[in-house]
Structure formats: C-alpha cells, structure tokens
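Scroll down for the structure; my scribbles are underneath it.
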Amino acid sequence: MNHRTPSGASQGATSPSSSSQIPNTSPHTYSTFPKLPASAEHPTHEILIHTTSGLPSGILEDDPYDPRSGSCATAGTSSTWQATLNASNVMLGMGILALPYAFDLAGWIAGLGLLSALALSASFTAKLVGRCLQSDDPPKIMSYADLAERAFNPTVRHAVTALFVLELFTAATACIVIAADSILALVEPHPAVAAMLVFDPALLKCIVAAVFAVTTFTDGLGVLAYASAIGVLSLFNVLAVLLIDGLSTPHTPGSLWDPAATFSRPASAEGLALACGMIMVGLEAHAVLPSIYRDLKNPAEFPKVVNRTYTMLFLLYVVFATLGYLMFGEMVMPEITQNFPQIPTYPAALTSVVLVLTALNPFTKFALLAAPVNYQLESFLGLRASASSSSSSSSSSSSLYLGPSRLPRNLSRATLASLACAVAIAFPYFHRIMGFVGSFFSFVIAGLLPPVCFLRLAARRGWTVSWTDRAACYAVAVGAAVLCVFGTWGAVVGKDGRGEEDAAAAAVVQGVRGM
C-alpha cells in the first residue's frame, strides 16, 4: 500500500479578516530616513537589508541609523507600488532556492497548504503591525523594536534586538554555505579544473569566509548595497533557466514535458517539520514594515501594499516550487541550482551563468548582513568611539581602511566571520539553516509577536477589537508558537533522510516511498 501517492492538489487556507475597530487617527506621513552626517561612522543609508535568505533586519538598538537619533518628521515619499517592491525585495531571498526541496519533503498537499496558510497568516500579522502604527499618535513607533517596547517594556525590546542579531548572524552563515556549494557545483563537472585546485568543502568555506571578512573592513556599504541587485537578478535568472531547460528537455529528469515522480504526502514527520521553516523563511518582512509604513505618501494604503506584496510573492513561490518539483521529483536537491550540472542535456553556458550568479550573490550580501551585528559587538567591546576620529578622517567611507587604529575593529569583524565559518562547517546543509531561520526566527517575528503586541496595545489603550479579530490573533499566535517548536525540532534534531550522511534515515525514507 502506498503511503505517499502521486498527485496532489491542495486547498488553500482562508485568513481571518484583518478589520477591527481602532481609534480614528489622522494619518501621518513620517519617514525613517533621517539626515545623518556623511562620515564613515554614520553611513548615509539605512540598515534595512535584503538578505540572501529573504530575511529582513530591523533597525537595531543604539544604532546610528535609528530614526530616533535624527529628525523623522519628513513627508513620506513612496507610492503604493514602490512600497510593494521594497517589501517584496526584502522577502525575496535565496531561500526560494530551497522551495522545491521543501515541497518534496512535505508533498503536494501539505506543501501547497502550508504555503497558502502561512502566506495568509503573515499577511494578516503584517496588517496588525500597520494598525498598531496607524493608532500611534503622535508617531513614536519607528522600528519593530519600538513596537515591542511600546507594547511591553525595554526588556522585551532588548530581547527583540538580540533576536534580530542572531537572525542576521545565521543568515550570514547561510551566505558561506551557499557560496561554497555553488562553487563546488560549478567546478565538479570539470575534472581538469578541479584537479588544479583544492576543493575540500571545509577548506573552501574557510577561503570564502576569509574573502567575506575583508568585505566587512569598510564602514561605507553603498557599493555593496548597489551590488545587491545581483541577488534579484540571480533569482529571476534561475527561474528563466528552469523554464528554458524544462521546456527544452524531452524526458525526465529535468523535463516539464515528462514530469518526474512526485508525492502527495510527506515522507516523514521530520521532513514535514523541516519544510515548515523552509517555507516560512520567505514570508517574513515584518522587521522593516514600520519603515515602509512611515515612508508611504498615504499610510492608509498600507493594507493594499501588504495584499499586493503577498499575492505577488505567493504566485512566484508557487510557480518556482512547482516547476522545480515537477522537473526533478524526489531527485531535487536542497538548492535547486545543484541539480543543473547533473543533467547533461542542459546547455552548459546557462548552467554556468546560474551557478556564477548564485555564487556571487552571497559575496555582495555578507557585509550588509554582518554590519548591524558588528556594530552591536563593537559597541559592547567599546571599539566604536576609539576609532571614530580616524574613521571620520578617511577620504572615502566606502574604501577599505587597514590602518593601525582600525586593527581592533577589523580583528573583531574577522573573528565574527570566523565564527560564522565554524558554524557553517558544523552545520553544512543550506536547507537546515533555512529551516532553522524560518522556524526559530520567522515564526516568532512574523507570527507570534505581531498579534501579541497588538492585543497588548489594545488592552492598554482601550481599543475595541471584534471577537473575530481577537480569535484570529490567538489562533495565529498559538499556531506560530507550535510551528516554531515543531519546525526547530525538525531543523536541528530531525532527520529528513535526504542529502545527509545518515544512510539509515535515507533508507527509511526510500522504503516508505517504495511501499
């Protein structure tokens, strides 16, 4: 009897209405882009980063980019479509490469069901954040940490800040893993090239981390911020190549004309748990929502921005996951780009372009991800003030500075990169890192905290909240807490039996699928 039968349609979940009765407040158009001194110590861009995994970073506590350190009473400049693109850019990260694998772990029914339900829930909680900001009169909530402090106390703010720092560090670790994996996939089909170089995976990660560390030795990140456009280019390039390869290949594997065998149900509870986090990681942008809201020309249109953003991303994710899973089935790799070199009929030039762009993307992102973490670490160690005068006297904030007075900070940043490298070697699987980030961080930031903060503010300020909205808040918060624990267990402890050195677990999965 088949435990996992081919086929699969999944019914999308419905989301509770996000309408409720909150005090009528006149909309404010405040921006979170204060005028800052153009020095190496205070770069002139806000740290709201598009990360390689789709993970957003908020303004961190005591950060010079914090809008509370400058004048925030500036008119908003973003239209609804500009705000939609900004929010989409934050969520659309390298985690999308693992979506076909997540569908293989969960099966069609659970995969489509999870993606639908989680997208609707994340959209609902994003609107809750907007309602908290709408009722903030006069506006004092300028960041996600501000919202946590406003709802509770400074201690909760510190906890949220620590959560952001850990999230960014984990995303930086994922940069090392995916860069090393892409380089290996690029050279493995060429034995002559591989024979000339040493490509031990651990050594390669050390080399990648060393290069990454050098990119953090500058305070001005403008050049790297512009280079992050490579990330968006690489993702759409992967989607285009998937379509081209799938339509040009007549037989499985790797063909859309002759789809591979797929499954409607998950192979194991562990695989389903891991898939939860891998799907959720691309649906979280809540840390930057206050900035997007404050920069809207008309903040009353924020719900429209949320609806457009999640509709666009949901459709993109469904197309990407469906194409990848249909083309490779149970052969799909944790990073879909790893499948391309395995199909000899695929055009070698297209495969090389995909792998090169995928490898370059983390090189443009690591310094951006590490910047807030380095700032917090250097502030704790007392290294910021000591280097202030020398940094401000440098001719260019975007150039490397290797002088003696900068040595302690560079050592601190190199140490952080080394620590990320050690974690990448100890936990070498990209899909597990994505699963952990989605489960441990995204479910808390995008699922648990918004309804809890909303209900807390409603109680403190005497808002009238309908029983349907109150029930929806409780349901989403409890569900997020349960999936946080379940998904973290799957990412850290569970065995998915795919792409790992656990032959016994792999045999169990294959046995279940073959029954």
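The values are calculated or read from the model by the stated rules, or taken from the named source; none is laboratory data. All figures in this text were calculated on a predicted structure; none of them were measured in a lab. Glycine gets a Cβ as well: all are built from the backbone with ideal geometry, and neighbour counts include every protein chain shown. SASA here: full protein model, heavy atoms, side chains in, ligands and nucleic acids out. Shrake-Rupley method; radii C 1.70, N 1.55, O 1.52, S 1.80 Å.
Can you work out D for region 137-179 in µm² s⁻¹ from Stokes-Einstein, where Rh is the Kirkwood radius over C-alpha pairs, the temperature is 37 °C and the viscosity is 0.692 mPa s? Before the final figure, lay out each step's value.
Numbers: Rh = 11.7 Å.
For the chosen part, D equals 281 µm²/s.
At 1.4 Å probe radius, can you tell me the per residue accessible area of region 304-380 in Å²?
Working: 2560 Å² over 77 residues.
Accessible area per residue, region 304-380: 33 Å².
If eta is 0.890 mPa s and T is 25 °C, what Stokes-Einstein diffusion coefficient results for region 418-458, Kirkwood Rh from Cα pairs, in µm²/s?
Details: Rh = 12.0 Å.
Stokes-Einstein gives a translational diffusion coefficient of 205 µm²/s.
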- prompt: For region 290-335, what is the largest minus smallest coordinate of the Cα atoms on each principal axis, given in angstrom and ordered from greatest to least?
  reply: 47, 16, 10
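Kirkwood hydrodynamic radius for region 419-495: how many Å is it when counted over pairs of different Cα atoms? It would help to have the intermediate numbers written out before the result.
Details: mean 1/r = 0.0711 Å⁻¹.
For region 419-495, inverting the mean 1/r across all distinct Cα pairs yields 14.1 Å.
For Phe217 and Val356, what is the calculated FRET efficiency with R₀ set at 30 Å and r taken between the beta-carbons, to the nearest 0.05? Present the calculation step by step, with values, prior to reporting the outcome.
Numbers: r = 25 Å, r/R0 = 0.82.
Step by step, r from the Cβ atoms, then E = 0.75.
For Leu233 and Tyr474, what does the FRET efficiency come to when R0 = 41 Å and r is the distance between their Cβ atoms, rounded to the nearest 0.05?
Values: r = 42 Å, r/R0 = 1.02.
Given R0 = 41 Å and the Cβ-Cβ separation, E is 0.45.
Filter Lys140/Lys365; Lys304/Lys365; Lys140/Lys297; Lys127/Lys304 down to the pairs with a C-alpha to C-alpha distance above 20 Å, please. Don't jump to the answer; show the numbers that get you there.
Values: Lys140/Lys365 31 Å; Lys304/Lys365 29 Å; Lys140/Lys297 18 Å; Lys127/Lys304 9 Å.
Long pairs (Cα-Cα over 20 Å): Lys140/Lys365; Lys304/Lys365.
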query: For region 93-160 and region 311-339, what is the separation of their C-alpha centers, rounded to whole Å?
result: 23
- prompt: Of all accessible surface on region 288-381 at a 1.4 Å probe, what whole percent is carbon and sulfur?
  reply: 72
task: Mind ranking 406-412, 281-287 by how tightly packed they are, going by the mean number of other C-beta atoms within 10 angstrom, highest first?
output: 281-287, 406-412
field: Given charges at Cβ of Lys, Arg, Asp, Glu: region 207-351 dipole, positive-most of Phe320, Val211, Pro259
entry: Phe320
Column: log10 I(q)/I(0), Debye, Cα scatterers of region 250-291, q = 0.17, 0.21, 0.23, 0.32 Å⁻¹: -0.72, -0.80, -0.83, -0.97
message: Sort Val288, Val493 by heavy-atom solvent-accessible area, probe 1.4 angstrom, most to least.
response: Val493, Val288
- prompt: Per the Kirkwood definition applied to all pairs of different Cα atoms, how many angstroms is the hydrodynamic radius of region 318-383?
  reply: 14.8
- request: From zero up to wherever the largest Cα-Cα distance of region 212-363 sits, split into 10 Å bins and tell me the percent of pairs in each.
  value: 9, 29, 31, 22, 9, 0
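Using only Cα atoms, figure out Rg for region 84-161 and give it as a multiple of 2.2 N^0.38 Å. Walk me through the numbers before you get to the answer.
On the way: Rg = 16.7 Å, N = 78, 2.2 N^0.38 = 11.5 Å.
The value comes to 1.45.
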